[in-house]
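Notes follow the structure.
What follows draws every value from the coordinates through simple rules; no lab data is involved. This one's a predicted model, so the numbers in the text were calculated from it and none came from an experiment. All Cβ positions, glycine included, derive from the backbone under ideal geometry; neighbour counts span all protein chains shown.
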Amino acid sequence: MFSSFLYVYLNDINLVSSEFIAIDGNKLRASNSKKNNFSPKKAKRHLQYIEDKTNEYLEVLDTADKNYETIAISKIEEKMKRLKINKIKYELLQKQLAETG
């Protein structure tokens, strides 16, 4: 409904002709969000974060060993596995960014 009023208005002020008009009302979701957009700097920052978190988890495990504490090792191992997978992903991404410029 709004489109026809807009067309009439634009036609009255001679901005469009009456020969042909098409209006596209599609709304598409963008795929280039902050989460899916990477630069070499961002990849390097993610790799540094992964390295820091890995060292932090290793320190927690080392401290627990020294103090004979029982902690949820399985949770820490799971987190470290996830970090390892992410590290591989970001290293491949860094390589791809270097190759493509």
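So the values come out like this:
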{"read-out": "Sequence ranges 74-84, 59-69, ranked by mean other-Cβ count within 10 angstrom, highest first", "value": "74-84, 59-69"}
{"read-out": "Globularity index of the chain, i.e. its alpha-carbon radius of gyration over 2.2 N^0.38 Å", "value": "2.14"}
{"read-out": "Positive-end residue of Ser17, Ile50, Thr70, charge dipole of the chain with Cβ unit charges", "value": "Thr70"}
